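Undergrad: My questions will all concern the structure given below.
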Amino acid sequence: MTYRVFIDGEAGTTGLQVRERLDAHPEVNVLTIDHDLRKDAATRQELMAESDAVILCLPDDAARDAVALADGLSCKIIDASTAHRIHPDWAYGFPELAKGQRQIIASSRLIANVGCYATAMIALIRPLIDAKIIAPETALSIAAISGYTGGGNALINYMDNDEGPKNFAYALGLNHKHIPEVMMHTGLQEKPMFLPMVGDFPCGMLVQLPLLPSMINSGFNRQTIHDVLTAHYDGETFVKTRGLDADDGLTDRGYLAIEDLVGSNMLDIHTIGYSQDGEEQIMLVARLDNLGKGASGAAVQNLNIALGLDESLSLV
């Protein structure tokens, strides 16, 4: 059976990458819209009615309008915007979140695609809270760097046109839009301190979570934290915990290369540590492609689950 899929917002950064993946999908036929009609509500609604699933690659307000257009239709909706990630009527599109999350996604008509930074933060934090390694009220501080494509066409044009600095920190009000979904889907009760940065490269993302000794409950160390993360993601295709060996997943110079997962739907977790004379420091690092597992790859993975297909179809 071939499923019909409409990408609303195909011309955007995420939409283009979703289209590229779906063009190689053996079970999907992408319904296209004439470029001049891409904002025409009646035409879009007609395509939604013909579709088994619709992927929204739109700004938040436009995504809400698109959901209203699809009201009463039978198509499944996967929204890649921020608009519905903490909405109680929407399934959260992070299949590796916890046991049973795939079933929630598969049985839902409305699926909110997880955010890029949120993917990494939740992947690191949720297993720690579930295993009681850290308490929900722990005050966390997280730093991250991403390729500039995560900012969409506006930021891409800024970078391409030499309009200003190429490497910068942003969201300096410490109120990044991904924080509410991170708190909701990890169980954190204390708002984390999160400082994201943009680098002068198109794609790739590193998210760093330091674990100070005062944060970690008694009985846990780097080895047991690594074991918990490994057990949480055991059997997962797209989330992998790297070994405790310092060279696992690094370059021959010992670098953790930000671009190594670009083009893939993979997310790697590294448990970096230092131990000497009873003193231990631990840093967790998540690495992914901000437009892969952080956006378009995740949307296709959720689409596969929603349609009852092998979730790895057209993904690497």
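Please treat every number below as a calculation from the coordinates, not as lab data. Please read these numbers as outputs of a predicted model, since none were measured by experiment. Virtual Cβ from ideal backbone geometry, glycine too; neighbours counted across all protein chains shown.
Undergrad: Show the residues, 5+ positions off or on another chain, whose built amide H is closer than 5 Å to the amide H of ASN221.
TA: Amide H neighbours of ASN221, under 5 Å, 5+ apart: none.
Undergrad: Taking Cα atoms, how many degrees apart are the long axis of helix 222-232 and the longest axis of the chain, rounded to 10 and kept between 0 and 90?
TA: Tilt of helix 222-232: around 30 degrees.
Undergrad: Give, as a single signed number, the net charge of other residues whose beta carbon lies under 14 Å from the beta carbon of LEU206, with Lys and Arg counted +1 and Asp and Glu -1.
TA: -1
Undergrad: If contacts are Cα pairs under 8 angstrom and at least 6 residues apart, what is the relative contact order of segment 116-290 in percent? List each step's numbers first, then the result.
TA: Details: 314 pairs, mean separation 50.9, N = 175.
Here the relative contact order equals 29 percent.
Undergrad: Can you compute 3J(HN,Hα) from phi for each residue in segment 32-39, using the Karplus curve 6.51 cos²θ - 1.76 cosθ + 1.60 with θ = phi - 60°, rounded to whole Hz and x for Gly and Pro?
TA: 9, 10, 4, 4, 6, 10, 5, 10
Undergrad: Got a sec to turn the phi values of segment 6-19 into Karplus ³J(HN,Hα) couplings, 6.51 cos²θ - 1.76 cosθ + 1.60 with θ = phi - 60°, whole Hz, x for Gly and Pro?
TA: Per-residue couplings from phi come out as 10, 9, 8, x, 4, 6, x, 4, 5, x, 5, 6, 4, 4 Hz.
Undergrad: Find out how many positive minus negative residues lie around GLU96, taking Lys and Arg as positive, Asp and Glu as negative, among other residues whose Cβ is under 14 Å from that of GLU96.
TA: After counting each charged neighbour, the total is 0.
Undergrad: Most exposed first by the Cβ proxy, i.e. fewest other Cβ within 10 Å, how do HIS185, HIS35 rank?
TA: On the way: HIS185 21, HIS35 8.
The fewest-first ordering by Cβ neighbours comes to HIS35, HIS185.
Undergrad: A further question on this structure: Beyond 30 Å between alpha-carbons counts as too far, so tell me which of LYS76/LYS166; LYS39/LYS166; LYS39/LYS99; LYS132/LYS177 fall in that bin.
TA: Checking Cα-Cα distances, LYS76/LYS166; LYS39/LYS166; LYS39/LYS99 exceed 30 Å.
Undergrad: Once the principal axes of the Cα atoms of the chain are found, what is the range along each, listed largest first in whole angstroms?
TA: Cα spread of the chain along its principal axes, largest to smallest: 68, 46, 36 Å.
Undergrad: Hey, what's the per residue convex hull volume over the C-alpha atoms of segment 1-62, in cubic angstrom?
TA: Values: hull volume 4.7 nm³, N = 62.
Looking at segment 1-62, the number lands at 76 Å³ per residue.
Undergrad: Quick one: which residues, 5+ away or cross-chain, put their amide H under 5 Å from the amide H of ASN290? H built at 1.01 Å from N.
TA: Under 5 Å from the amide H of ASN290 lie the amide H atoms of GLY147, GLY204, MET205, each far enough along the sequence or on another chain.
Undergrad: Report, in cubic angstrom per residue, the convex hull volume of the C-alpha atoms of segment 116-290.
TA: It is 131 Å³ per residue.
Undergrad: Another question about this same structure. Of the options TYR274, THR241, LEU73, report the single residue whose Cα projects farthest towards the positive end of the charge dipole of the chain (beta-carbon charges: Lys, Arg +1; Asp, Glu -1).
TA: LEU73
Undergrad: Given a cut-off of under 8 Å on Cα pairs at least six residues apart, what relative contact order in percent is computed for the chain?
TA: That works out to 20 percent.
Undergrad: Using θ = phi - 60° and the Karplus form 6.51 cos²θ - 1.76 cosθ + 1.60, what ³J(HN,Hα) does each residue of segment 179-188 get, whole Hz, x for Gly and Pro?
TA: 4, x, 6, 4, 5, 5, 9, 9, x, 4
Undergrad: Using +1 at the Cβ of each Lys and Arg and -1 at the Cβ of each Asp and Glu in the chain, identify which of MET183, ILE111, GLY151 lies farthest towards the dipole's positive end.
TA: Result: MET183, furthest along the dipole toward the positive end.
Undergrad: Give the angle, between 0 and 90 degrees and rounded to the nearest 10, that separates the Cα long axis of helix 41-50 from the longest principal axis of the Cα atoms of the chain.
TA: For helix 41-50, the angle is close to 80 degrees.
Undergrad: Any chance you could give the angle, 0 to 90 degrees and rounded to 10, that helix 60-69 forms with the longest Cα principal axis of the chain?
TA: With both axes taken from Cα atoms, the answer is about 40 degrees.
Undergrad: I would also like to ask the following. Amide H of VAL239: which non-local residues (sequence gap of 5 or more, or other chain) have their own amide H closer than 5 Å, using H built in the peptide plane?
TA: When sequence neighbours closer than 5 places are left aside, the close amide H contacts are LEU267.
Undergrad: What fraction of the DSSP beta bridges in segment 116-290 is antiparallel, stated in percent and rounded to the nearest 5? Show your work: numbers first, answer last.
TA: On the way: 23 of 33 bridges.
Of the beta bridges lying entirely in segment 116-290, close to 70 percent run antiparallel.
Undergrad: Sorted by mean Cβ packing within 10 Å, highest first, what order do the peptides 6-12, 300-306, 78-84, 228-234 take?
TA: So the peptides 6-12, 300-306, 78-84, 228-234, ranked by packing, come out 300-306, 78-84, 6-12, 228-234.
Undergrad: If you don't mind, there's one more thing I want to ask. Given labels modelled 7 Å from the Cα in the Cβ direction, how far is it in nm from ASP162 to ARG4?
TA: Once both label points are built, they end up 4.9 nm from each other.
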